[in-house]
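All remarks here apply to the structure that follows.
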Amino acid sequence: MSVGFVMLVHTALDRAEQVARHWARHDCPVVIHVDRKVKRHDHAAFVDSLSDLENVRFSPRFSCEWGTWSLVEASQAASEMLLKEFADVRHVFLASGSCLPLRPVQELKDYLAERPMTNFIESVTTEDVPWTVGGLDEERFTLRFPFSWKRQRRLFDAYVRLQRRLQISRKIPDGLVPHLGSQWWCLTRQTLTAILEDPDRPTYDKYFSRVWIPDESYYQTLVRLYSTNIESRSLTLSKFDFQGKPHIFYDDHMQLLRRSDCFVARKIWPNANKLYDGFLSENAAIMTGAEPNPGKIDRIFSKAVERRTKGRPGLYMQSRFPNDGWENGLTSAPYAVFEGFSELFEDFEDWLARMVGARVHGHLFAPERAEFAGGQSVFAGALSDSAKLRDYNPEAFLTSLIWNTRGERQCFQYSPRDTKDIGWLIAKDANATISVISGAWAVPLFYSNANFSDIRKEAARLQKIEAEHLDALRSFYAKARVRIWTLADFVENPMEPLQTVIDELGNRTLHRLTEAPRMVSLEGFGQFLQNLKNQGMHPHLMGDFPMSNTVERNQKKPRKPYLVN
Amino acid sequence: MRSYQLRWVRKRWRVRALRKRRELSSVVDRTETIKPHDILVMSTLRNERIRLPFFLSYYRELGVNHFIFVDNDSDDGSREYLADQPDVSVWTTKASYKRARFGADWLNWLARKHAHNHWVLTVDPDEFFVYPFSDTRNLRALTDWLDASSIKSFGAMLLDMYPKGTLDAQPYHEGQNPFEIACWFDAGNYMISKNPRFGNLWIQGGPRARAFFPDNPARAPALNKIPLVKWHRAYTYVSSTHNLLPRGLNLVYDEWGGEKASGVLLHAKFLSTFGHKAEEELERRQHYAASHEYRAYAEKLKDNPDLWCNWSEKYINWRQLEILGLMSKGNWA
């Protein structure tokens, strides 16, 4: 009772020789198929290098190309030879030249001896296969594929399209239910001979020779006809990336491969000396008796696929620069924008920092400089506070800031005085929570010591900018969480909105607010608005602000924080 | 239409390279020792003698098989030193660096002649290539993987490294790893836009934008580079190694949300040697955009600047750069 190997080899012949020798020396016969494309000289040298081993044979050579019938032909011929010449072989293991045994051969023998009738072959119906390259799954079996996918892609695609248009569909031979799976299998003599000696084999071969990638479906389908004892998994650890090409193992995967307890892995990089030396040496032969467990490797490779296809949300860098709408998150983490709060409250930023566990910046987009928290001139990631540098690419400034501070919630102030260009970005960003007190920009104007005509001009400018910004926030494209109060409504009852804002930020305590920020005195603000109106401007974003100050009562003792409940 | 127009641009640079080849004279030509699968490094230099020993040993260690240098009239022994190395071919010229489009014409010619079908890494003597797994897998592993993935060009952004303290505080000595001194960098202040004509990304930022160009960011030097290319004789570098033609080679980034694999060129420009170099280069006026960059340096260098700040990041390894989002493993695992 033993296992024999069929090896399909086309490159890195020296490595193939090493592995074949390893198996042969452990009393496993090996039949090697060398691709016809290998140069005669190299082939001769390869055959010669293994000539000292009497249980290594070479099967008739076919010229192999990925995705074509030739690969099945090669494995058929080699399998027939193995079964014929080594009568005591019970299991046939199909391997490639870039496979590497990870566990002692004896363990594989024991494992198979305990399961003498089991066929290890991944075999799944087409409906259940998530990994299909080129969008072809069922059509692999119903269309014809006379052209090479690698060399004649245009013809290949055109012919597929033509057949779809003409609704041509091949008849699948009676009794066959198409199954797909990894092309690396380990079958019992009984099953394999049943497949190879079936009187209907010419029919099946003829059919499969026009199926696309038949090496992933020929044995996988036919095995279902002859055996019920099928373990639908491959003993060969082989992972594929998003384009359907196999991941490659390197020296630094050593520990990972050790712990996987798989019997054979592919593909190994031919220059991975440590892997070859390590796994083919005798003293590494530790018998564990464990079941193969490729879970950890699975995770690493599926992460790689995800990184390649989805990437890290909110990251803009040299090899990830998504087109509009493909960002998968405009920024990397939630943040909060406050508009009008620092105008209305004297100490809003300090107060907010005390209330929530977040980094509270001033006006990051102020015309003078980026007001980083704590008045720093440089911030996370070495972002400079230079306004010119920031305004050169304000989107990059914001996305970088959020990316650089992953793990810490950012809050910043924003007003119509600030860089306008950022308005749409925050409106469209689902990570943004934007709270607006509309019209609050008028409060600093009210306190300013400028000529009234200048104030009027500035007020008109700011109102126009804010009105446009509010349109953006309310537009169909806005994805941010937006709350807007008019100044008049807010001043009427400031605690409730403040509570809402803090709650939304994920307050640490989730208690009622006990401390409010200090509101500036608005005595005379109503008159100020009236003056603007009298000058022909229409300040409408503040809401209906009363002439005589009704909120005055709240403002009587403006210097002291007050308690609610 | 545009691609047709760019075809003519590419042809123009090819013809120009052909013309500029006359400016080059061979010092040592060992290119016949280049074997079919060898990985090459190409570089132009002027008076970089002190950097060369570490440069050569760094890239030999990575698995580079042959170096091709264009020496632009060095007088510090660089040329003689290189000529003595067994794996180096050197050409020399006294012609204008600027008029050879900052060396691109010379390198285009030599690449066309000697690098066809080879993986070529085009770097300056102060640029050190770091890529995913570069501590455990050599350059051959990367190029084999790129070949298997049908990728022809590989991007590596320039990352300016600087010391803590003034530039002249820690003198660099020959053979030393420059990143023992200049081990700090800016982790996240880069700005990217797309170059619509050539399709490459245009990246600016880092300490140079922060310290030298805060008032004129448009002038801040470009940091995007595509240094590693499976060369074909029809390819040309357009402007330094920032972009190439045909345009498809510039698509080293993903536009659909995913990340392609990329590396970083650690830039050891800011060492004790920098002050002298900046003066010399300013005098020669051989650099891009009327040497604007070097004028800005000279201006700031008078105050002996410290590029380091509280938020500077200390370099550890490529994994750190990948976590920070400066480079990516893509789907290489």
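Between A:Ile172 and A:Arg354, the distance separating the two model label sites (each 7 Å from Cα on the Cα→Cβ line) works out to 7.2 nm. The mean count of C-beta atoms from other chains within 10 Å of the C-beta of residues in B:192-200, rounded to a whole number, is 2. Each Lys and Arg Cβ is given +1 and each Asp and Glu Cβ -1; about its Cα centre, chain A then shows a dipole of about 820 debye.
Fewest to most neighbouring Cβ within 10 Å: what's the order for A:Phe86, A:Phe5, A:Phe240, A:Phe145? Mind dumping the intermediate values first?
Numbers: A:Phe86 18, A:Phe5 27, A:Phe240 14, A:Phe145 22.
Taking fewest neighbouring Cβ atoms as first place, the list is A:Phe240, A:Phe86, A:Phe145, A:Phe5.
So if each residue of separation counts as 0.36 nm, and I subtract the Cα-Cα distance between A:Asp198 and A:Ala430, what length gain in nm does that give? Here the answer is 77.4 nm. Relative to the dominant Cα principal axis of chain A, helix A:394-404 is inclined by about 60°. Its Cα centre serving as origin, region B:2-323 has a Cβ charge dipole (Lys and Arg +1, Asp and Glu -1) of approximately 1980 debye.
Region A:187-204 and region A:219-234 have Cα centres lying 12 Å from one another.
Taking 22 Å as the straight-line reach from the Cα of A:Lys84, the lysines in range (excluding those fewer than 8 positions away in the same chain) are A:Lys109. Positive end of the dipole of region A:335-555 (Cβ unit charges, origin at the Cα centre): among A:Leu364, A:Phe397, A:Met495, the Cα lying farthest that way belongs to A:Phe397.
Using the Karplus relation 6.51 cos²θ - 1.76 cosθ + 1.60 with θ = phi - 60°, the per-residue 3J(HN,Hα) values for region A:214-229 come to x, 5, 9, 9, 4, 5, 4, 7, 5, 4, 5, 6, 10, 9, 9, 9 Hz, with x marking Gly and Pro. Straight Cα distances below 16 angstrom link B:Lys300 to the lysines B:Lys269, B:Lys277, with same-chain residues fewer than 8 positions distant left out. Anything in chain B that counts as a DSSP H helix reaching 18 Å or more along its axis (C-alpha) with Kyte-Doolittle mean of at least -1.0? List them, would you? What comes out of the filter, once short or polar helices are dropped, is B:288-301. Close amide H partners of A:Leu176, meaning residues 5 or more places away or on another chain with modelled amide H under 5 Å apart, do not exist here. Note on A:388-398: average number of Cβ atoms from other chains within 10 Å of each residue's Cβ is 5.
Using a Förster radius of 22 Å, what is the FRET efficiency between B:Asn216 and B:Asp306 based on their Cβ-Cβ separation? Nearest 0.05, please. Intermediate results must be reported in sequence, preceding the final value.
On the way: r = 21 Å, r/R0 = 0.95.
It comes to 0.60.
Computing FRET efficiency as 1/(1 + (r/R0)^6) for B:Glu283 and B:Tyr58, where r is the C-beta to C-beta distance and R0 is 35 Å, gives about 0.75.
Averaging the Cα positions of each part gives two centres, and for region A:475-525 and region B:281-333 these lie 43 Å apart.
For each pair in B:Lys11/B:Lys98; A:Lys274/B:Lys260; A:Lys206/A:Lys245; A:Lys245/B:Lys11; A:Lys37/A:Lys310; A:Lys428/B:Lys260, compute the distance between the two Cα atoms and list the pairs where it is over 30 Å. Let's see the in-between values first.
Numbers: B:Lys11/B:Lys98 20 Å; A:Lys274/B:Lys260 28 Å; A:Lys206/A:Lys245 27 Å; A:Lys245/B:Lys11 35 Å; A:Lys37/A:Lys310 38 Å; A:Lys428/B:Lys260 26 Å.
Pairs exceeding 30 Å: A:Lys245/B:Lys11; A:Lys37/A:Lys310.
Of the trypsin sites (Lys or Arg not before Pro) found in region B:253-333, the ones in coil according to DSSP and having at most 14 other Cβ atoms within 10 Å of their Cβ are B:Arg285, B:Lys302.
Hey, got a sec? Which trypsin sites (Lys or Arg not before Pro) in region A:142-220 land in a DSSP loop and have at most 16 other Cβ atoms within 10 Å? It would help to have the intermediate numbers written out before the result.
Details: sites: A:Arg144, A:Lys150, A:Arg151, A:Arg153, A:Arg154, A:Arg161, A:Arg164, A:Arg165, A:Arg170, A:Lys171, A:Arg189, A:Lys206, A:Arg210; in loops: A:Arg144, A:Lys150, A:Arg151, A:Arg170, A:Lys171, A:Arg210.
Within region A:142-220, the qualifying trypsin sites (Lys or Arg not before Pro) (loop, at most 16 other Cβ atoms within 10 Å) are A:Arg144, A:Lys150, A:Arg151, A:Arg170, A:Lys171, A:Arg210.
By the rule of a C-alpha distance below 16 Å, with chain neighbours fewer than 8 residues away ignored, the aspartates and glutamates paired with A:Lys388 are A:Glu368, A:Glu371, A:Asp418, A:Asp421, B:Asp215.
GluC sites (Glu not before Pro), restricted to region B:1-102: which are DSSP loop and have at most 15 other Cβ atoms within 10 Å? Don't jump to the answer; show the numbers that get you there.
Values: sites: B:Glu23, B:Glu32, B:Glu48, B:Glu61, B:Glu80; in loops: B:Glu48.
Loop-located and lightly packed - none at all.
Only helical runs count toward this figure. For chain B, summing -39,500 (n - 2.57) over DSSP H runs of n ≥ 4 and dividing by all residues gives -8500 deg cm²/dmol at 222 nm.
No value in this document is a laboratory result; all are computed from the given coordinates. Note that the structure is a prediction, hence the values are computed from the model and not measured. All Cβ positions, glycine included, derive from the backbone under ideal geometry; neighbour counts span all protein chains shown.
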